[in-house]
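Okay, so here's the structure we're looking at.
Rule-based calculations on the coordinates, nothing more; no lab input. This structure is a prediction, so every number in the text was calculated from the model and none was measured. Cβ placement follows ideal geometry from the backbone for every residue including glycine, while neighbour counts extend to all protein chains displayed.
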Amino acid sequence: MLCPYCASNQTSVLESRDSEDGAVTRRRRECAKCGKRFTTYERVEVVDLKVVKKDGRLEQFDRKKIKAGIWKACEKRDCQEEEVEAIVDEIEMRLLNRKSTQVSSTDIGKLILTRLKKLDQVAYLRFASVFLEFENVEEFKKIIKEEIN
Ligand SMILES: [Zn+2]
C-alpha cells in the first residue's frame, strides 16, 4: 500500500474494522516516512460466474460439481486427489480470468476433457462418453477413433 502523500510503501495499519455485512474493511494507516495518516477501504470482490446449461438455465458456478464429475470419471483409476484438485483450480482460474461472467456447460466440459486427456486415458474416455452423449454421437466416434489410431 503506497502512501498517498509521499508514495512511500512503508505504511502500517493502525486500525482495521469490517463493515457490518463484512463486505468492506476499513483500515486506518500511517506512513512511516512522512507520518501522515490515511484511510483505505478494501472490498472483497464477489465471484459471480454463471454456468449456462444446455437447456438455457443459469446456474451458479460450483467447483465442487466439476470436481465430482472428474472424480467419477477417475473411479478406480490411479488419479491423485491433488491432480484432480489442480485441474479444477486451473479451470476455475481460467474461467475467472475471462471477461464474461457466463460460461456454457459445454465449454467447461471441453476444458475438463483437454486436461483429463493428459491425466488418464480411461478417465478421459469415460468423461467423453458421458459428456458427448448429450453433444453428438459423431464427435464421440471421432474422438474414439483418434484414440485407437
Ligand atoms: Zn508518506
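Worth a mention:
- Residues in the range 2-29 that are within 11 Å of the ligand (Cβ to nearest atom) and either under 10 Å from Thr39 (Cβ atoms) or outside any strand (DSSP E or B) (or both): Leu2, Cys3, Pro4, Tyr5, Cys6, Ala7, Ser8, Asn9, Gln10, Arg29.
- Top-ranked residue of the range 30-48 - restricted to ones that are β-branched (Val, Ile, Thr) and closer than 30 Å to Phe61 by Cβ, ranked as farthest from the ligand (Cβ to nearest atom): Val47
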